[in-house]
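Written out below as structure tokens is the structure these notes cover.
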Amino acid sequence: YKGVPVITASATAASLTALNDWYFRVIPTSRFMANFIATYLHQVMETSSVSIIFDRDLYRPSLAENFEEAAGKLGIKVKKKWGFGGKSRYLDNELRKIVTELRAVEYPGVIFFASYAESSVRLLTLLKYPGTNYTIMGPDSYSEEWFVETLKEYPLERASPGYYSDGVYAVSPFIADLSQKKALDFRKEFIKKYNEAPSWVSACYYDAARVAVEAIETSDIRGEIRNDRRTIRDYLKTLNNKE
């Protein structure tokens, strides 16, 4: 680091902020997301078994590992687990192999995709066909509008909306309909300015900007760059509760 306070509103990898006094977040970590998903599957969807498909890179294995750990503590059985290389030259072959093996499982349970949305779109289009009723849970990237828009590029989704997306669940750090008045006001102003609803990424970075401004306004800034940066950093360190 260069002694500059940083706030992320979209990166969920815990390694970014762990043991780094200058890096902050206004979004939950992958571990929090994994625990939330496992708890939701257990308590709301009453899921007893799952299968996991994950992308073998820096972020997604930790999400898959954290989810498997959380599911085990809740008594959810992990029936099968597959990994693939997101940047592999043979990605399509790997995905086809996973789909073939998955279809052979009598009841795979809810399928948890710990993968980037791009590769997940390909998985969905390979996995779903008439008569299948797989329930799929994905991470926050699935709640972005472009995920559904990408699915619409496929003829079967255009001909029958929901052909691929039905039965797919996703988490999101921001849902305007469940938020308070300030969030609804933000959404209204965003639409007025940009003619589209804000994504969760936009909402979370708005939060990050508000935190940064408050840190600057509240800190005792004296015009000495190094000391001012440290003063702002020290104030950010005090913002460590959910409120």
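I'd like to know if the range 23-42 contains one or more residues that are modelled with pLDDT of 90 or more, surrounded by 17 or more Cβ atoms within 10 Å (Cβ to Cβ) and among the aromatic types (Phe, Trp, Tyr).
yes
Across the range 63-115, what is the number of residues that are assigned to a loop (DSSP other than H, G, I, E, B), touching a residue at least 12 places away in the same chain (Cβ under 8 Å) and at negative phi? Spell out how you get there, then give the answer.
Going residue by residue through the range 63-115, those that are assigned to a loop (DSSP other than H, G, I, E, B) are 74-76, 85-90, 104-109, 115.
This time we only want the ones that are touching a residue at least 12 places away in the same chain (Cβ under 8 Å), so: 74-76, 85-87, 105, 107-109, 115.
From what is left, the residues that are at negative phi are 74, 76, 85-87, 105, 107-108, 115.
Here the count works out to 9.
Would you pick out the residues in the range 43-58 that are more than 14 Å from GLY138 (Cα to Cα) and either buried (at least 19 other Cβ atoms within 10 Å of the Cβ) or in contact with a Lys or Arg (Cβ under 6 Å, 6 or more places away or on another chain) (or both)? Show your work before the answer.
We begin by selecting, within the range 43-58, every residue more than 14 Å from GLY138 (Cα to Cα); these are 43-49, 56-58.
Across the range 43-58, the qualifying residues are THR47, SER49.
Can you run down the residue pairs with Cβ atoms below 8 Å, 6 or more apart or on separate chains, where the first is in the range 220-243 and open to solvent by less than 70 Å² (accessible area, probe 1.4 Å) and the partner is modelled with pLDDT of 85 or more and in a helix (DSSP H, G or I)?
Pairs found: ILE232/ALA215; ILE232/ILE216; TYR235/ALA215; TYR235/THR218; LEU236/VAL211; LEU236/ALA215.
Taking the stated definitions as given, is THR12 touching a helix residue (DSSP H, G or I) at 6+ places or on another chain (Cβ under 6 Å), modelled with pLDDT under 90 and open to solvent by 30 Å² or more (accessible area, probe 1.4 Å)?
For THR12, the condition - touching a helix residue (DSSP H, G or I) at 6+ places or on another chain (Cβ under 6 Å), modelled with pLDDT under 90 and open to solvent by 30 Å² or more (accessible area, probe 1.4 Å) - is not met.
Restricting to the range 121-138, and then to whatever is outside any strand (DSSP E or B) and of a type in the set (A, V, I, L, M), can you tell me which residue is surrounded by the most Cβ atoms within 10 Å (Cβ to Cβ)? Please lay out each step first, then the result.
Going residue by residue through the range 121-138, those that are outside any strand (DSSP E or B) are 121-135.
Cutting the leftovers down to of a type in the set (A, V, I, L, M) gives us 121, 123-124, 126-127.
Working: VAL121: 21, LEU123: 21, LEU124: 26, LEU126: 16, LEU127: 20.
The selected residue is LEU124.
With open to solvent by 90 Å² or more (accessible area, probe 1.4 Å), under 26 Å from ALA13 (Cα atoms) and of a type in the set (Asp, Glu) as the only criterion, which of GLU118, GLU153, GLU106 stands out? Can you show your working first?
Details: GLU153 fails: under 26 Å from ALA13 (Cα atoms); GLU106 fails: under 26 Å from ALA13 (Cα atoms).
The conditions single out GLU118.
Just to be sure I understand, how many residues within the range 146-179 are more than 18 Å from the chain's Cα centre (by Cα), part of a helix (DSSP H, G or I) and polar (S, T, N, Q)?
Residues in the range 146-179 being more than 18 Å from the chain's Cα centre (by Cα), part of a helix (DSSP H, G or I) and polar (S, T, N, Q): 0 in total.
Does GLU69 qualify as being surrounded by fewer than 19 Cβ atoms within 10 Å (Cβ to Cβ), out of contact with any Ser or Thr (no Cβ under 6 Å at 6 or more places or on another chain) and within 18 Å of ALA170 (Cα to Cα)? Outline the logic, then answer.
Numbers: surrounded by fewer than 19 Cβ atoms within 10 Å (Cβ to Cβ): yes; out of contact with any Ser or Thr (no Cβ under 6 Å at 6 or more places or on another chain): yes; within 18 Å of ALA170 (Cα to Cα): no.
It is false that GLU69 is surrounded by fewer than 19 Cβ atoms within 10 Å (Cβ to Cβ), out of contact with any Ser or Thr (no Cβ under 6 Å at 6 or more places or on another chain) and within 18 Å of ALA170 (Cα to Cα).
Tell me whether the range 180-196 contains one or more residues that are hydrophobic (A, V, I, L, M, F, W, C) and in a loop (DSSP other than H, G, I, E, B). Outline the logic, then answer.
Filtering the range 180-196 down to residues hydrophobic (A, V, I, L, M, F, W, C) leaves 183-184, 186, 190-191.
Next, from what is left, pick out any that are in a loop (DSSP other than H, G, I, E, B): none.
Taking every residue of the range 180-196 in turn, none turns out to be hydrophobic (A, V, I, L, M, F, W, C) and in a loop (DSSP other than H, G, I, E, B).
Please find, among ALA212, ALA183, the residue that is among the small types (Gly, Ala, Ser) and free of Cβ contacts under 8 Å to residues at least 40 places away in the same chain. Lay out the reasoning, then the answer.
Details: ALA212 fails: free of Cβ contacts under 8 Å to residues at least 40 places away in the same chain.
Just one listed residue meets the conditions, ALA183.
Name the single residue that is surrounded by the most Cβ atoms within 10 Å (Cβ to Cβ) among those in the range 72-103 being small (Gly, Ala, Ser) and in contact with an Asp or Glu (Cβ under 9 Å, 6 or more places away or on another chain).
So the first thing to find is which residues in the range 72-103 are small (Gly, Ala, Ser), and the list is 72, 75, 83, 85-86, 88.
Those still in the list that are in contact with an Asp or Glu (Cβ under 9 Å, 6 or more places away or on another chain) too: 83, 85-86, 88.
Numbers: GLY83: 18, GLY85: 13, GLY86: 16, SER88: 14.
Ranking the candidates gives GLY83 first.
Could you grab me the full set of residues in the range 64-96 that are at pLDDT below 90 and closer than 15 Å to PRO139 by Cβ?
GLY86
The values are calculated or read from the model by the stated rules, or taken from the named source; none is laboratory data. This one's a predicted model, so the numbers in the text were calculated from it and none came from an experiment. Cβ coordinates were reconstructed from backbone atoms using ideal geometry, including for glycine residues, and neighbour counts include every protein chain displayed. Just so you know, the surface numbers come from the protein's heavy atoms only, side chains and all, with ligands and any DNA or RNA stripped out. Shrake-Rupley method; radii C 1.70, N 1.55, O 1.52, S 1.80 Å.
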